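Notes for the one structure printed next.
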Amino acid sequence: MLTKIIRLDPLNFSIKQLQEAIDLIRNDEIVAFPTETVYGLGGSAFSETAVRKIYEAKGRPSDNPMIVHISDLEMLSGIVKAIPENIRKLCERFWPGPLTILFAKSEKIPDIVTAGLNTVAVRMPSNPIALALIKKLGIPIAAPSANLSTRPSPTEAKHVINDLQGKIPLILDGGPCNVGVESTVIDVHKGYSVILRPGGVNLEDLKPYLPMIEVYNNKNAKFSKEFKPPTPGLKYKHYSPKAEIVLVEGSKEFLEEKIVSLYAKYRIQKKLIGILHTHQNIQISSEILNDPRCKMFYLGLRDSDIDSDDSIDVEKIAEGLFSALRAVDNQKIELVIVEGISDKNIGLAIMNRLRKAASKIIKE
Ligand code: TXA
Ligand code: MG
């Protein structure tokens, strides 16, 4: 199959440029499109045929449900049984944006979308191309991230091309995604709420609306007793580059010391090593920096930023995270030592992805 690519400026595009995507989706086909978090691979949320094609193109296990994307609250009413008052407030505050909420699903959504669950995960994306596409189509779009299953999510059209070229008919290239990690997935109940997947909306921002909210953690006995997570996605390996990831977490001193000793250990094994770090939080010795068999990758900075005094913030780290993981693979790195950062704000989503990708985590 030939994969067509249409470039669009998210701040200056015409509805005409979306027509081909709309026609394809109306005909049970699937299209990759940009959202503010990551690129999605979308089809009509009412079409079993389209959703089957999505699972197939991604190689996604069929028990992992998809997020349904909407453009307005009227569309939401059409696909869920009810919109409880406390959830309506969340929608008003956080949509459009990177928050996905579980609802009791109406019969309109085929079982294949939710992998047989009686809940449907819904979000309203804020990327203007995504919003306009759904609005003009008039149909909600079921879409997982547009990567091959287990690979890092795509934050640029070229990542989608790498994973899915020849498998899908069309990619809408709207440039890089500015959040960079996927949406926060939450399950809201009367007395308590659970973050099933940390993401673009921070725990700190949700707390004022949901004071009892907690982050799901499969090692917490409380959750195994009182709450069985409805997210099958949690059990799958995710976000993994081909390189082995060793994640180091702790104070600046611990990180600096550990990175040196891990470097020495793996260097003896003659592995092609990478170090993925923030450049500013910790110091890397010149011996390591000058070793041609050890390559530096930067969290939150492009190579071209390194010599300028561009400062990084945690949002920039999120924005560039998946690109950095893909860059590690492009350089054929066998093992990458990663500097862990704080779990604060969007750091929680970043560390969640890194911990899932890691084959070893070394904590202070
Ligand atoms: O930002 C995002 O969320 C991106 C963009 C494209 O919107 N989408 C995305 O989709 O990351 P995906 O399929 O890669 O991740 C969806 C997550 C999975 O962990 C899945 O298991 C969970 O949401 N999920 C979907 N429906 C669910 C449901 N009914 N109950 C529990 N979890 C659900
Ligand atoms: Mg995904």
Please report the antiparallel percentage of the DSSP beta bridges confined to the chain, to the nearest 5. 35
Given a Förster distance of 30 Å, report the FRET efficiency between Gln280 and Arg355 from their Cβ-Cβ distance, rounded to the nearest 0.05. 0.85
Would you list Thr49, Thr114, Thr37, Thr100 from fewest to most Cβ contacts within 10 Å? Thr49, Thr114, Thr100, Thr37
Test item: Cα-centred dipole of the chain, Lys/Arg +1 and Asp/Glu -1 on Cβ, debye: 1160
Dipole magnitude of the stretch 77-234 about its Cα centre, charges +1 at Lys/Arg Cβ and -1 at Asp/Glu Cβ only, in debye to the nearest 20? 260
Return the single residue from Gly320, Gly180, Gly166 with maximal mean-square fluctuation; model: Gaussian network over the chain, springs between Cα atoms under 10 Å. Gly166
Checking Phe103, Phe254, Phe33 against a Gaussian network model of the chain (alpha-carbon springs below 10 Å), the top fluctuating residue turns out to be Phe254
Given unit charges at Cβ for Lys, Arg (+) and Asp, Glu (-), the dipole magnitude of the stretch 30-101 about its Cα centre in debye, nearest 20, is 140
For Val215, enumerate residues with amide H under 5 Å from its amide H, sequence gap 5+ or separate chain, H modeled in the peptide plane. Ile195
Taking R0 as 45 Å, what's the FRET efficiency between Ser251 and Glu214 from their Cβ-Cβ distance, rounded to 0.05? 0.95
Which aspartates and glutamates have a Cα lying under 15 Å from the Cα of Lys207, excluding residues fewer than 8 positions away in the same chain? Asp187
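Filter the cross-link list Lys53/Lys356; Lys58/Lys363; Lys4/Lys53 down to pairs whose alpha-carbon distance in this structure exceeds 22 Å. List each step's numbers first, then the result.
Details: Lys53/Lys356 27 Å; Lys58/Lys363 34 Å; Lys4/Lys53 17 Å.
With Cα atoms farther than 22 Å apart: Lys53/Lys356; Lys58/Lys363.
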Net charge within 12 Å of Pro10 by Cβ-Cβ distance, Lys/Arg positive one each and Asp/Glu negative one each, not counting Pro10 itself? -2
The stretch 64-75 - phi-based ³J(HN,Hα) in whole Hz, Karplus 6.51/-1.76/1.60, Gly and Pro as x: 10, x, 10, 8, 9, 9, 10, 10, 7, 6, 5, 5
Total charge of the residues flanking Ala50 in space, meaning their Cβ is under 11 Å from its Cβ, with Lys and Arg +1 and Asp and Glu -1, is -1
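In the neighborhood of Asn345, defined by Cβ-to-Cβ distances under 13 Å, what is the net charge if each Lys or Arg adds +1 and each Asp or Glu adds -1?
-2
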I need the P(r) histogram for the stretch 63-208: all alpha carbon pairs, bin width 5 Å from 0 out to the longest distance, whole percents. 2, 9, 18, 22, 22, 16, 8, 3, 1, 0
Roughly what angle does helix 85-94 make with the longest principal axis of the chain, taking Cα atoms, 0 to 90 degrees, to the nearest 10? 60
Where does helix 252-268 land angle-wise versus the long Cα axis of the chain, in degrees 0 to 90, nearest 10? 80
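Give, in nm to one decimal, the length gained when the segment between Lys207 and Gln19 is fully stretched (0.36 nm per residue of separation minus the Cα-Cα distance).
63.6 nm
All of the numbers you see were taken from the coordinates with simple rules; none came from a lab. Computed from a predicted structure; not experimentally measured. All Cβ positions, even for glycine, are placed from backbone atoms using ideal geometry, and neighbour counts span all protein chains on display.
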